[in-house]
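No value in this document is a laboratory result; all are computed from the given coordinates. Small disclaimer: the values here were computed from a predicted structure and weren't measured. FYI the Cβ positions are ideal-geometry reconstructions off the backbone, even for glycines, and counts take in every protein chain you see.
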Amino acid sequence: MEPLNLLDLPIDILHLILTPLLTTSQPILVCPCASPPLPLHAALPILLTHPALYAVACPLLYSPLNTFLLDLTGPHCSHVRRAVRDDKDGGGGDDASSLFPSAALRRIAGLTIRTAKLRGWILGDVLPLVSDMAVRGSLVSLDVELAVPADKGGVVAAAALQARPLLSLLADPYLRSSRLCVDERHSPAWCRFHPGQRCTGRMRSVSADAAAAAAAAAAADTRMVDVDWREIVREMDPEGRELAMGWADGEAARRR
């Protein structure tokens with residue numbers, strides 16, 4: 001009996017074999033310091049084995065079966081900022097030395113962005129990068145998480161409600177799914193956009209000890225609350241002329 005050549009198998013069988021090796025329930029961190037989650041340690045050898053295998057494995061790795069995480073909190077924030085700045089200064093693009101080559105980013109289908117504060121460089125450099133992934137690439141699902149730094153406490157500020165670049169990105173018609181959620185420790189201004197969900201945003205005046213205890217408990221068990229970003233867009237741009245014309249047209253068509 002002749003040995004079976006893996007490359008002689010039908011593509012659908014190869015897909016079944018490779019799926020558990022190239023997909024994971026853990027988020028894949030997009031950061032210069034990151035190493036792949038344990039289930040994906042075999043990904044690179046598989047991709048480099050043979051061009052025919054690469055043709056099946058690469059789309060699987062970047063498919064919606066995996067979620068990539070752009071973590072802009074903690075030490076990852078400075079790592080990503082430095083990488084984005086270096087790529088911008090060097091022209092970025094698909095250069096082999098780029099830490100975020102466009103060709104790789106545009107293959108990602110599912111992305112989560114996590115940040116504690118929408119700083120200027122995030123709005124000006126990172127969000128356009130993500131928009132390019134949707135318009136010119138394969139990005140179809142985007143989640144944005146506004147978190148509270150675990151080591152600093154506090155709440156998610158109301159300022160993000162006015163972040164037009166973020167709302168415009170969430171409303172991008174190229175995205176099939178977009179989601180905005182905030183830490184349950186947030187400014188009361190967020191509360192009317194997540195009716196029916198428990199949070200600590202409505203807490204007004206508590207003692208310092210009670211506030212510290214609540215912050216410690218929340219940090220140990222962080223919970224995110226889904227926010228209706230579409231309602232925020234409707235309030236800021238009721239005629240759909242500024243934030244997302246294509247999305248507004250689609251919304252109007254669905255209401256007819």
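Using a Förster radius of 25 Å, what is the FRET efficiency between Arg176 and Cys58 based on their Cβ-Cβ separation? Nearest 0.05, please. All intermediate terms of the calculation are to be shown ahead of the outcome.
Working: r = 21 Å, r/R0 = 0.84.
Efficiency, rounded to the nearest 0.05: 0.75.
In vacuum, with every alpha carbon of the range 156-196 counted as one equal point scatterer, what does the Debye formula give for log10 I(q)/I(0) at q = 0.13, 0.15, 0.22, 0.26 Å⁻¹? Two decimals, please.
For the requested q values the scattering log ratios are -0.31, -0.41, -0.80, -0.99.
How far apart, in nm, are the 7 Å Cα→Cβ label points at Arg164 and Ala189?
1.6
Residues in the range 25-58, backbone N under 20 Å from the label point at Leu7 (7 Å along the Cα-to-beta-carbon vector): list them, ranges by number please.
What the label zone holds, given the 20 Å backbone N cut-off, is 43-58.
Below 12 angstrom from the Cβ of His79, what's the summed charge of the other residues (Lys, Arg +1; Asp, Glu -1)? Walk me through the intermediate numbers first.
Numbers: positive: Arg81, Arg82, Arg85; negative: Asp71, Asp86.
Once positives and negatives cancel, what remains is +1.
If R0 is 35 Å, what FRET efficiency do you get for Met236 and Ser78 from their C-beta distance, rounded to 0.05?
Numbers: r = 31 Å, r/R0 = 0.89.
For R0 = 35 Å, the calculated efficiency reads 0.65.
Considering the range 100-182, what Rg and Dmax in Å follow from its alpha-carbon atoms?
13.0, 38
Quick one: Karplus J couplings for the range 130-138, per residue in order, coefficients 6.51, -1.76, 1.60, θ = phi - 60°, nearest Hz, x for Gly and Pro?
5, 4, 4, 5, 7, 6, 10, x, 9
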